[in-house]
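Take a look at the structure set out below.
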Amino acid sequence: MPTQTATKSAPRHDMSVILVTGSYDHEIRFWEAWSGICSRTIARAGETGQVNRLAISPDKRLLAAAIHKKVNIYEIASSSPTPVITFEGHASNITSVSFHSQGKWLVTGSEDGTIKIWDLRSAQLHRNYNNEAPVNDVCVHPNQGELISCDQAGRIKQWDLSENICTHELTPAGDVPIRSVTLASDGSCLVAGNNKGKCYVWKINEETSGLPRFQAVTKFQAHNKYLTRCLISPDVKYLATCSADTTVKIWSISPNFEFKLEKVLQGHQRWVWDCAFSADSAYLVTASSDHTARLWEMASGDTVRQYNGHHKAAVCCALHDGAG
């Protein structure tokens, strides 16, 4: 992760590591990863709505913040608190936001039961999918041609961006809501976590293989309380699961998709809502209802930095320390 030297392009602070948190206090905060100092706060004075999710564009230029029913796009290198684009159109809380790998479009999922794709060049709504049930999470397949969503009705769906339709549907636990979905960066597997703390794993086969697209390989009880987020590391060696039980669990992933509990990250005092890996999978950032975010070293399982400044629950975080 982090280089500790300042870069020439950004005299204010080291822009090679972008670390951002959002909170129920309505603030968005940028942090210096190593010092723990808050380098910039977007206070959003006079603007209502809590920050639900954050995403950093692949080129590190833009921050997308899902704020209640809208998405604000901020310029990361600018000190202006004014968004450069605001996307409005969802009728209810936005629960997920992700960038396309080339940064041309953005996808959002909402409790209004829709998934929307927004064009960042024209600043217009590009496409709308009706999922019917409230959407809890959406991720973009590494092939950039498909979306995977999960919802309150317990369904996981694959949406084909070229065909403009839902092509696959999974319901691993009946109507138990699926809270979070995560895809391996190499497209090899899908993990979903539900409200009861259970994780389900599918191997993803090529459409041309003659095998099922999603082949169920295992399931396991990750937490005994509510699961809030599951995330596969960029190197596809680990799964992180966050929970209402105040912990983050780190599971190793074997080549044949066996999941083994390696570490329990303990330190947060209340619910852990979100997490983000460093590009080299060596560090994990987490956000918690205890108002703090933490940086964990994966090798030791220790907290190496705590970020203090939010006045209410920190519910989302984003980290981008790879090549911009």
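The values are calculated or read from the model by the stated rules, or taken from the named source; none is laboratory data. All values derive from a computational prediction rather than experimental measurement. Because the Cβ atoms are built from the backbone with ideal geometry, glycine has one as well, and the counts that use them run over all protein chains shown. The accessibility values were calculated without ligands, DNA or RNA, using every heavy atom of the protein model including side chains. Shrake-Rupley method; radii C 1.70, N 1.55, O 1.52, S 1.80 Å.
Some points to look at:
- Carbon + sulfur, % of accessible area of the range 229-324 - ligands and nucleic acids excluded, 1.4 Å: 47
- Separation of the range 295-319 from the range 133-152 is 26 Å, based on Cα centroids.
- Accessible area per residue, Å², the chain with all protein chains present, probe 1.4 Å: 41
- Fluctuation leader among 48, 171, 114 - the chain, Gaussian network, Cα springs under 10 angstrom: 48
- Stretch gain in nm, segment residue 124-residue 216, where the contour uses 0.36 nm per residue and the Cα spacing is subtracted: 29.4 nm
- Across every pair of non-identical alpha carbons in the range 185-314, the mean reciprocal distance, once inverted, gives a Kirkwood radius of 15.2 Å.
- Packing rank of 76-82, 191-197, where each peptide gets the mean count of other beta carbons within 10 Å, highest leading: 191-197, 76-82
- Cα-only Debye scattering, the range 91-170: base-10 log of I(q)/I(0) at q = 0.13, 0.21, 0.24 Å⁻¹: -0.33, -0.90, -1.17
- Euclidean distance of C-alpha centroids, the range 21-57 and the range 210-231, integer Å: 30
- Result for the chain in a Gaussian network model with C-alpha springs under 10 Å: among 244, 45, 282, the largest mean-square fluctuation is at 45.
- Summed residue charge, Cβ within 14 Å of residue 231's Cβ, Lys/Arg positive, Asp/Glu negative: +2
- Label assignment, Rg and Dmax of the Cα atoms in Å derived from the structure, set [x] 34.0, 133; [y] 27.3, 106; [z] 18.4, 56: [z]
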